[in-house]
1. Net charge near HIS30, counting Lys/Arg +1 and Asp/Glu -1 over other residues with Cβ under 12 Å of its Cβ?
2. Compute the accessible area per residue over region 5-52, keeping the other protein chains in place, probe 1.4 Å, unit Å².
3. Let me test this: with uniform point scatterers at the alpha carbons of region 72-111, what is the Debye-based log₁₀ I(q)/I(0) at q = 0.31 1/Å?
4. Using a probe radius of 1.4 Å on heavy atoms only, what accessible surface per residue do you get for region 72-111? Whole Å² is fine.
Amino acid sequence: MEISRKNFRAMIFYDYKCNLTPKQCIDRLHLAFGDEAPSNRTVYNWFAEFQRGHTFLCDEFREGRLSTSVVATNVDAVREMIERDRHMTYREIQASLGIDMKIIHTILHDHLSVRKLCSRWIVHNLTEAQKQARVKWSKEMLKKFNRGRSNLIYNVVTGAKTWIYSYEPESKQFTVWFISK
């Protein structure tokens, strides 16, 4: 049987009114409820609240903004924006949707599982087609390096991190992607 927080507070308040110490109250609760009993810190906090005259046993209303920004429509909108433009910035997303930077971070990293590498959003979990495309591209790059067209292969240092060199047709630049393992 699960006892509510309000019920535990009533028991703590009863022990407080019976002039028991917080330690005695903790012992009684652990004897009766074992692991379900509230923590020692909770009992001490409630004894302090009762001493200050706070006897309302229900949770009070707390001011603050509800977390309504991380909703499916915003997640879908952010996904659509970064699929349309891989160079999308946090500020551009914020200006478009009017949501907080922390919420944008949560959506991108926790809900969409993407990371920003070299000013481009890269999906962290790749589909099978994306994996095959990367293998194909890697094999083509190895052929070019093997034919001696580039000496950049000698600049690659291996270790706990992975460096991937690529050519960007959009910007006509040679870019380095850094992927942490």
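1. On the way: positive: LYS23, ARG28; negative: ASP27, ASP35, GLU36.
Residues near HIS30 contribute -1 overall.
2. Details: 3240 Å² over 48 residues.
Per residue, region 5-52 has an accessible area of 67 Å².
3. Computed log10 I(q)/I(0) values: -1.25.
4. Values: 2550 Å² over 40 residues.
It amounts to 64 Å² per residue over region 72-111.
The values are calculated or read from the model by the stated rules, or taken from the named source; none is laboratory data. Because the structure is a prediction, the values reported are computed rather than measured. As a convention, Cβ positions derive from the backbone with ideal geometry for all residues, glycine included, and neighbour counts pool all protein chains shown. Only protein heavy atoms, including side chains, enter the accessible area calculation; ligands, DNA and RNA are left aside. Shrake-Rupley method; radii C 1.70, N 1.55, O 1.52, S 1.80 Å.
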